[in-house]
Amino acid sequence: MIHKVIEQWHAHLRGELKDGLDILLDNDCVFYSPIVYTPQVGKEITKMYLMAAGQTLPGETGSSAQAKDSSKKFRYTKQVIDGNTAVLEFETTVDGKYANGVDIITCNDSGKIIEFRVMMRPLQAINAVHRQMGEALDKMK
């Protein structure tokens with residue numbers, strides 16, 4: 001099941017899956033952020049964090065000036081899948097700072113994401129993402 005979920009996740013990131021987060025996320029999904037201490041529980045809060053990350057990190061379909069330089073775009077570099085869990089390693093540049101990390105995605109037997117965990121390094125990049133995501137989340141409220 002996780003293979004299908006990850007295919008859909010990539011399609012969502014490319015803008016090819018209409019209502020992608022609504023399709024992918026379980027109602028009781030738990031989001032673990034590298035920024036926030038407590039787990040964020042529920043589809044709506046998880047969607048908010050993932051949408052803010054999409055606005056913060058220059059991605060495949062992002063409109064950021066950084067996105068024009070492919071070496072600075074958010075991109076997955078490795079993928080490990082086992083059972084109902086996938087670990088996707090990523091790289092990007094945030095405020096001129098190299099960043100890499102992993103998205104650890106777990107799904108249930110119904111093909112819905114029940115846990116989305118993000119780990120990231122180095123600290124300077126986390127601080128930049130923290131500031132930018134805070135601004136993006138404030139705009140969404």
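The values are calculated or read from the model by the stated rules, or taken from the named source; none is laboratory data. Remember, it's a predicted structure, so these values are computed and weren't measured experimentally. For neighbour counting, all protein chains shown are included, and Cβ atoms are generated from backbone atoms with ideal geometry for every residue, glycine included.
The residues of the stretch 115-141 that are crowded, with 18+ Cβ neighbours inside 10 Å and assigned to a strand (DSSP E or B), listed by number, are E115, F116, V118, M120. Residue check: I2 meets all listed conditions (1) surrounded by fewer than 20 Cβ atoms within 10 Å (Cβ to Cβ); (2) at pLDDT below 95 but one, namely (2).
The residue that is farthest from A128 (Cα to Cα), among those in the stretch 92-115 that are at pLDDT 95 or above, touching a Ser or Thr at 6+ places or on another chain (Cβ under 6 Å) and not polar (S, T, N, Q), is I114.
Tell me, yes or no, whether the stretch 59-75 has at least one residue that is under 23 Å from E7 (Cβ atoms) and either part of a helix (DSSP H, G or I) or at pLDDT 95 or above (or both). Checked against the condition, which is being under 23 Å from E7 (Cβ atoms) and either part of a helix (DSSP H, G or I) or at pLDDT 95 or above (or both), the stretch 59-75 yields at least one hit. Within the stretch 102-122, residues that are more than 18 Å from K4 (Cα to Cα) reach partners that are crowded, with 17+ Cβ neighbours inside 10 Å and of a type in the set (G, A, S) with beta carbons closer than 7 Å, at six or more positions or on different chains, in the pairs V118/S33; V118/G101; M119/G101; M120/A99; M120/G101; R121/G101.
Quickly run through the stretch 17-53 and pick out the residues that are free of Cβ contacts under 8 Å to residues at least 60 places away in the same chain, part of a helix (DSSP H, G or I) and farther than 20 Å from T106 by Cβ. Residues satisfying the conditions do not exist here. Considered as a group, the residues in the stretch 21-44 that are modelled with pLDDT under 95, within 15 Å of the chain's Cα centre (by Cα) and of a type outside the set (S, T, N, Q) include one that is surrounded by the fewest Cβ atoms within 10 Å (Cβ to Cβ), and that residue is V36.
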